Amino acid sequence: MIRFAMLGSGSKGNATLIEHGTTRVLIDCGFNLKETEARLLRIGVEPGSLAAVLVTHEHGDHLAGVGRLARRHRVPVYMTYGTHRVWQDPEVPALVRFSPHQQFTIGSLAIEPYPVPHDAEEPCQYVIAAGNGAARRRIGILSDAGHISPHMRAMLAGCDALMLECNHDPELLRVGPYPPSLKLRVGGERGHLSNEQAAALLAGYEVERLQHLVLTHLSETNNRPQLALAAVRAAIGGEHAGLRCAHQEQGLDWAELA
Ligand SMILES: [Zn+2]
Ligand SMILES: [Zn+2]
């Protein structure tokens, strides 16, 4: 059985857990050590049991807590060469660097990174798979991307669960309090996915196969859960049993894949 959970999701910190058998990995850690430990224990995970922290990019809401977590609990860190080049806190017990086109395994998990357009040094996102033949399950993760390229679409095809960024509603961003330069950044080609951009990925997607469709990285300033949900429902033509939003504070409780 493969399952996932989120410790939190949004610009104040992100961390996602994926577990298959005895292999457990964390994707990103944007929380300080105390907060990370508390959030892990909340869902029953001993920090020292993590096989790896996989990093997507160097922005603080993804990377800020990685160094201290890795040192305190001796967790190996995985990141792209580019992310490592700009990391301010790289003294960790074990480090693996990779190209975002290079696939690898950790325990029983197949890790498939893919590059994304975002204003960071060498950002990537992940598809993580486990099992063989008909029992193989794929979990797609996509956040922090300004747009969706054909390669990203190809990588994310045929997933059984999807964690998909719905960062902002373009109208709320436009009329909101951000300074003009930040509005341009967030809404730009290397910024964040709007509800509509995320929904466009799902138009024509094999949605029937998805057991979970979790909307992530919602801006507390420039979005509302009901707007993100409505955009996605419009794209997939109605309700979906596995559709919900991850929360900045509560994250997402364990979600299992059958
Ligand atoms: Zn982010
Ligand atoms: Zn970012």
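The values are calculated or read from the model by the stated rules, or taken from the named source; none is laboratory data. Model, not experiment: these values are computed from the prediction. All Cβ positions, even for glycine, are placed from backbone atoms using ideal geometry, and neighbour counts span all protein chains on display.
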| request: Please determine, by comparing only the residues of the stretch 117-136 that are in contact (Cβ under 8 Å) with a residue 40 or more places away in the chain and not in a strand (DSSP E or B), which one is farthest from ligand 2 (Cβ to nearest atom). | output: Gly131
| message | Take the residues in the stretch 8-52 that are touching a Phe, Trp or Tyr at 6+ places or on another chain (Cβ under 7 Å) and either among the small types (Gly, Ala, Ser) or more than 19 Å from Gly140 (Cβ to Cβ) (or both); name whichever of them is nearest to ligand 1 (Cβ to nearest atom). | response | Gly13
| query | If we keep just the residues of the stretch 1-36 that are farther than 17 Å from Leu63 by Cβ and polar (S, T, N, Q), which is farthest from ligand 2 (Cβ to nearest atom)? | reply | Thr22
| Do we have any residue at all in the stretch 106-116 that's part of a loop (DSSP other than H, G, I, E, B), within 16 Å of ligand 1 (Cβ to nearest atom) and more than 22 Å from Leu215 (Cβ to Cβ)? | no
| task | Give the stretch 140-151 a look and list any residue that's surrounded by fewer than 20 Cβ atoms within 10 Å (Cβ to Cβ) and outside any loop (DSSP other than H, G, I, E, B), or say none. | result | Pro150, His151
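Yes/no matrix, rows are residues, columns are (1) within 16 Å of ligand 1 (Cβ to nearest atom); (2) touching a helix residue (DSSP H, G or I) at 6+ places or on another chain (Cβ under 8 Å):
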| site | (1), (2) |
| --- | --- |
| Tyr126 | yes, no |
| Asn132 | no, no |
| Arg138 | no, no |
| His147 | yes, yes |
| Arg153 | no, yes |
| Leu164 | yes, yes |
| Leu184 | no, no |
| Arg190 | yes, no |
| If the Cβ limit is 7 Å and pairs must be 6+ apart or interchain, which residue in the stretch 57-70 that is within 14 Å of ligand 2 (Cβ to nearest atom) and charged (D, E, K, R) pairs with which residue that is modelled with pLDDT of 95 or more and outside any helix (DSSP H, G or I)? | Glu58/Trp87; Glu58/Ala120; Glu58/Glu121; Asp61/Ser11; Asp61/Lys12; Asp61/Gly13; Asp61/Asn14; Asp61/Gly30
| query | Can you tell me which of Val186, Val232, Val207 is in contact with a Leu (Cβ under 9 Å, 6 or more places away or on another chain), β-branched (Val, Ile, Thr) and within 17 Å of Ser11 (Cα to Cα)? | reply | Val186
| task | Would you point out which residue out of Val45, Val77 is out of contact with any Leu (no Cβ under 6 Å at 6 or more places or on another chain), more than 21 Å from Gly191 (Cα to Cα) and touching a residue at least 24 places away in the same chain (Cβ under 8 Å)? | result | Val45
| Flag for Leu69 being of a type in the set (A, V, I, L, M), away from ligand 1 (no atom under 16 Å from the Cβ) and crowded, with 22+ Cβ neighbours inside 10 Å | yes
| query | Hey, which of the strands (runs of 3 or more DSSP E) in the stretch 155-258, taking only ones fully inside, have at least 3 residues that are touching a residue at least 40 places away in the same chain (Cβ under 8 Å)? | reply | 161-165, 212-216, 252-257
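Table: residues versus (1) of a type in the set (A, V, I, L, M, F, W, C); (2) under 25 Å from Thr80 (Cβ atoms); (3) at pLDDT below 95.
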{"site": "Ile111", "(1), (2), (3)": "yes, yes, no"}
{"site": "Glu121", "(1), (2), (3)": "no, yes, no"}
{"site": "Asp144", "(1), (2), (3)": "no, yes, no"}
{"site": "Met152", "(1), (2), (3)": "yes, yes, no"}
{"site": "Gly158", "(1), (2), (3)": "no, yes, no"}
{"site": "Asp169", "(1), (2), (3)": "no, no, no"}
{"site": "Pro177", "(1), (2), (3)": "no, no, no"}
{"site": "Gly188", "(1), (2), (3)": "no, yes, no"}
| said: If the requirement is being within 20 Å of the chain's Cα centre (by Cα) and loosely packed, with under 15 Cβ neighbours inside 10 Å, which of these qualifies: Arg224, Arg209, Arg185? | reply: Arg209
